[in-house]
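To keep things clear, I will list the structure first and then write my remarks on it.
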Amino acid sequence: MVNQQRKDKAMTQTQTNKPADTIRFGGVKGVIWKNAGKDGKPDRYSVTYVRSYTDADGNWQDTSSLSEFDNLKLGVLIPQVATRIAELKAANRADANSDNGNEEGGR
C-alpha cells in the first residue's frame, strides 16, 4: 500500500512538474526547471543537461553521461540556457509588478 502511494505521488509530480523550457544544441539539451520561491522570495531555476540518443529499438532516450564532444557542445549551450533563465526571471518580475499594480520599470 505504501509503495502504491509513493508511486501515485511520483506520477502526480511528474505530470505537474513540467520544464519551464528546453534548449537544444547538437543532440544535447538543457532542461530548465522552475522552483517556486517561498516566503516572498523570487522563483529560482535549475538546469539538467542531458544527451538524447536512440536505443536498439529505435526509441529516444536521455542520458546524463556526456562524451568529450558533448562537453564542447555545452560550451555553446550553457550561455543560451543562462540567457533564457534571465528572460524567464525578467518575465517573472514584470508579472509581479503588474500583479501589484505597478507599471513595468516602476518602483
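The values are calculated or read from the model by the stated rules, or taken from the named source; none is laboratory data. Just so it is clear, the model here is predicted, and its values are computed rather than measured. Quick reminder, even Gly has a Cβ in these numbers, built from the backbone with ideal geometry, and neighbours come from all protein chains shown.
Okay, here's what the table says:
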| read-out | value |
| --- | --- |
| Matching residues, the range 19-28, being outside any strand (DSSP E or B) and modelled with pLDDT of 95 or more | Pro19, Ala20 |
| Single residue of the range 55-79 satisfying the filter (in contact with a strand residue (DSSP E or B) (Cβ under 6 Å, 6 or more places away or on another chain) and hydroxyl-bearing (Ser, Thr, Tyr)) that is surrounded by the fewest Cβ atoms within 10 Å (Cβ to Cβ) | Ser64 |
| Failed criterion for Pro42 (all others in (1) surrounded by 14 or more Cβ atoms within 10 Å (Cβ to Cβ); (2) not in a helix (DSSP H, G or I) hold) | (1) |
| Pair list, Cβ < 6 Å and 6+ apart or interchain, from the range 71-86 residues that are touching a residue at least 40 places away in the same chain (Cβ under 8 Å) and at negative phi to residues that are hydroxyl-bearing (Ser, Thr, Tyr) and surrounded by 14 or more Cβ atoms within 10 Å (Cβ to Cβ) | Ile85/Tyr45 |
| Counted residues, the range 27-39 - those being charged (D, E, K, R) and surrounded by 15 or more Cβ atoms within 10 Å (Cβ to Cβ) | 2 |
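Here's the yes/no breakdown for (1) at pLDDT below 95; (2) closer than 30 Å to Asp99 by Cβ; (3) of a type outside the set (D, E, K, R):
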residue: Gln5; (1), (2), (3): yes, no, yes
residue: Thr12; (1), (2), (3): yes, yes, yes
residue: Asn17; (1), (2), (3): yes, yes, yes
residue: Gly30; (1), (2), (3): no, yes, yes
residue: Asp43; (1), (2), (3): yes, yes, no
residue: Gly58; (1), (2), (3): no, no, yes
residue: Ser64; (1), (2), (3): no, no, yes
residue: Leu77; (1), (2), (3): no, no, yes
residue: Thr83; (1), (2), (3): no, yes, yes
